[in-house]
Amino acid sequence: MAAVDAFDRALVGGLLRPQPAEAADLAEFADALAGTPLASGVAEAAEKAVAGAASEDHCVALAAARTALLGSVHDALMDRVDEWTGRSHSEGRAPVHVGPQAVNVLAAARSWLSDLARAGWRGIDHELVSGAAPVVSALLPEPALRRLATLLDGFAAELAASCPGATLERIPARRWADLWARATLLTLPGAADVPSTGTATGRLLPLGVDLHEHATAARAQVHAVFEPADGTGPRLVRAGVSVPKPDTVVGAGVWQLMRPHMALLSAVSEGRSMDIADMPITDEGDLIWQDEHARLGEPADVFATARVALPTARASATAPLDRHPASIAVPVFLEGYTVQQDDDAVLFSVAGCPVAVDTDRIPAAGPLTADAVAASSACIGLLRWDVGTFGVQPLAVETTVRKRAVAIQAGAWAGGTTDKAGVKAEKGATDAVAVLRERAGRLLRK
């Protein structure tokens, strides 16, 4: 991480005219790769950057090296997670088939990202950042390139809001370097290809929903245990749905945009399993969700799943570009802990070990709250790594309400609800969504 930080410091000032301190940082970064297959390419790239002559290929080499270092950190942390949970994970990945690529558009994106690296975060201005707009417009029509298009669009918007860089008091060096390196590698043909490598038939037992919401997009990722019909061991899988949205649709309203695309959300709300047949699945455990391959199954309590099926479930391999500490999100089950609460901060003490609870990640689009977490006796969550420590993001908790044990899930309203608070939130969202759909229809008719 010290080597990664050294490169990130160099990127603040830029690779066009690095100062002596930045040149020393680049040398430290290159030294960390000595003895690896990337050594010679990174050494050359660092040398050229110190001389102010870094080409696009050199920028790609530096991005690849930074990604590889963070990948090694990811792997080391996952070894700890496997030891703590007693679970294993698959190794390896099927070869990627590289389909036809819009080479010219990818080259344009790589050129813009290289210009950013040369200017550095202190050197960004509106003219430089606006160069992303035509690139994003050219990428969006190609479905295979939308991952890169979305990343560049959001990255450019964040940089534009921070221009000029010379006046910034604080620069999010690691975050911007993360975005830059990932985008740079996605400009390489085939880097974004994630082919489905097989099909899955069996029973799906949901554990919880992780909701990500931004001003113009939202994504729900269901974590589940999959029990194959052929009798082989259970494995951890994910199924996700992403939708564009207007910034006026917030909270429970996002579920209305997602429900038509994934019946699995209803299973989560109703506490049921799903039977899937020939559902496409990747080596990384991501189901390419198609409703025609699934039907609602029998009732399935999430905490029964967490206690019985989760401990023996095998984790999947991690895609190369996802080998990053920030991408760690491992389903875990905790109980028998004590809780400490200081204002909004919640801390679990598990077997005498303190575990931070990330209540900021609890979505407003569900009944789960920080107070419910603080009053809980058992928790299903995602083990994450943030700012040098492990913490838990709650997905569901068991607590006592009026002397009755109840389960509260973050995604309980995903498929609809009769809960009073949920119905009220749904009604407000329904009105906003209906108005927006009517206006969109009117525009299309014109």
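Rule-based calculations on the coordinates, nothing more; no lab input. From a predicted model like this one, the values you see are computed outputs, not experimental measurements. Every residue, glycine among them, receives a Cβ derived from its backbone with ideal geometry; neighbour counts consider all protein chains shown.
Taking the alpha-carbon set of the range 349-391, what are its Rg and Dmax in Å?
Considering the range 349-391 through its Cα atoms, Rg and Dmax are 11.2, 33 Å.
How many angstrom lie between the C-alpha centres of the range 123-192 and the range 352-391?
So the separation of the two Cα centres works out to 31 Å.
Just want the answer: with Cβ charges of +1 for Lys and Arg and -1 for Asp and Glu, which residue in Trp385, Ala102, Leu140 is farthest toward the dipole's positive end in the chain?
Ranked along the dipole, the leading option is Leu140.
Any idea what the relative contact order of the range 198-312 is, in percent, if you count C-alpha pairs under 8 Å spaced at least 6 apart? Provide the component values of the computation, followed by the final result.
Numbers: 233 pairs, mean separation 35.4, N = 115.
31 percent.
When the Karplus curve 6.51 cos²θ - 1.76 cosθ + 1.60 is applied with θ = phi - 60°, which whole-Hz ³J(HN,Hα) does each residue of the range 435-445 get, with x for Gly and Pro?
Each residue's phi maps through the Karplus curve to give 4, 5, 5, 5, 5, 5, x, 5, 5, 5, 5 Hz.
Averaging sequence separations of C-alpha pairs under 8 Å and six or more residues apart, then dividing by the length of the chain, give the relative contact order as a whole percent. The partial results should precede the final answer.
Details: 826 pairs, mean separation 61.8, N = 446.
Value for the chain: 14 percent.
Given 20 °C and 1.002 mPa s, how large is the Stokes-Einstein diffusion coefficient of the range 215-270 in µm²/s, with Rh as the Kirkwood radius over Cα pairs? Display every interim value, and only then the final one.
Details: Rh = 12.8 Å.
The estimated diffusion coefficient comes to 167 µm²/s.
Take the chain, mark every one of the GluC sites (Glu not before Pro) that falls in a DSSP loop and has at most 12 other Cβ within 10 Å, then report the longest stretch left between them, sites excluded.
On the way: sites that count: Glu91, Glu169.
After excluding every exposed loop site, the longest remaining stretch is 170-446.
Mean separation of Cα pairs under 8 Å and 6+ residues apart, divided by the residue count of the range 325-409: what relative contact order is that in percent? Provide the component values of the computation, followed by the final result.
Numbers: 175 pairs, mean separation 25.3, N = 85.
Relative CO of the range 325-409 lands at 30 percent.
Gap in Å between the Cα centre of the range 262-329 and the Cα centre of the range 10-60?
The distance from the Cα centre of the range 10-60 to that of the range 262-329 comes to 42 Å.
Could you give the alpha-carbon Rg of the chain over 2.2 N^0.38 Å, rounded to two decimals?
Details: Rg = 23.3 Å, N = 446, 2.2 N^0.38 = 22.3 Å.
Here the Cα radius of gyration is 1.04 times the empirical estimate.
With the Cα gyration tensor of the range 270-353 giving a ≥ b ≥ c as the square roots of its eigenvalues, does the rule (a/c under 1.5 for rounded; else a/b larger than b/c for prolate; else oblate) give rounded, prolate or oblate?
oblate
Looking at the range 198-312, I'd like the Rg to Rh ratio, where Rg is from alpha-carbon atoms and Rh is Kirkwood's inverse mean 1/r.
Details: Rg = 14.2 Å, Rh = 14.5 Å.
With Rg and the Kirkwood Rh in hand, the quotient comes to 0.98.
Taking the Cα atoms of the range 340-446, report the difference between the largest and smallest coordinate on each principal axis, in whole Å and largest first.
Principal extents (Cα only, largest first): 65, 39, 23 Å.
So, R0 is 51 Å and r is the distance between the beta-carbons of Ala21 and Gln341; what FRET efficiency does that work out to, to 0.05?
Rounded to the nearest 0.05, the efficiency is 0.75.
Relative to the present Cα-Cα distance, how much length would full extension add between His261 and Asp275 at 0.36 nm per residue of separation? Show your work: numbers first, answer last.
Details: separation 14, 0.36 × 14 = 5.04 nm, distance 1.70 nm.
Result for the pair: 3.3 nm of gain on full extension.
Give me the Debye-computed log₁₀ of I(q)/I(0) at q = 0.20, 0.27 Å⁻¹ for the range 143-188, equal point scatterers on Cα only, no solvent, two decimals.
For the range 143-188, the Cα-only Debye profile gives -0.68, -1.02.
For labels at Ala39 and Ser130 in the simple 7 Å Cα→Cβ model, what's the distance in nm?
Placing both labels 7 Å beyond Cα along the Cβ direction yields 4.7 nm.
Can you tell me the Rg and Dmax of the range 20-162, counting just the alpha carbons, in angstroms?
When restricted to Cα atoms, the range 20-162 yields Rg and Dmax of 18.1, 52 Å.
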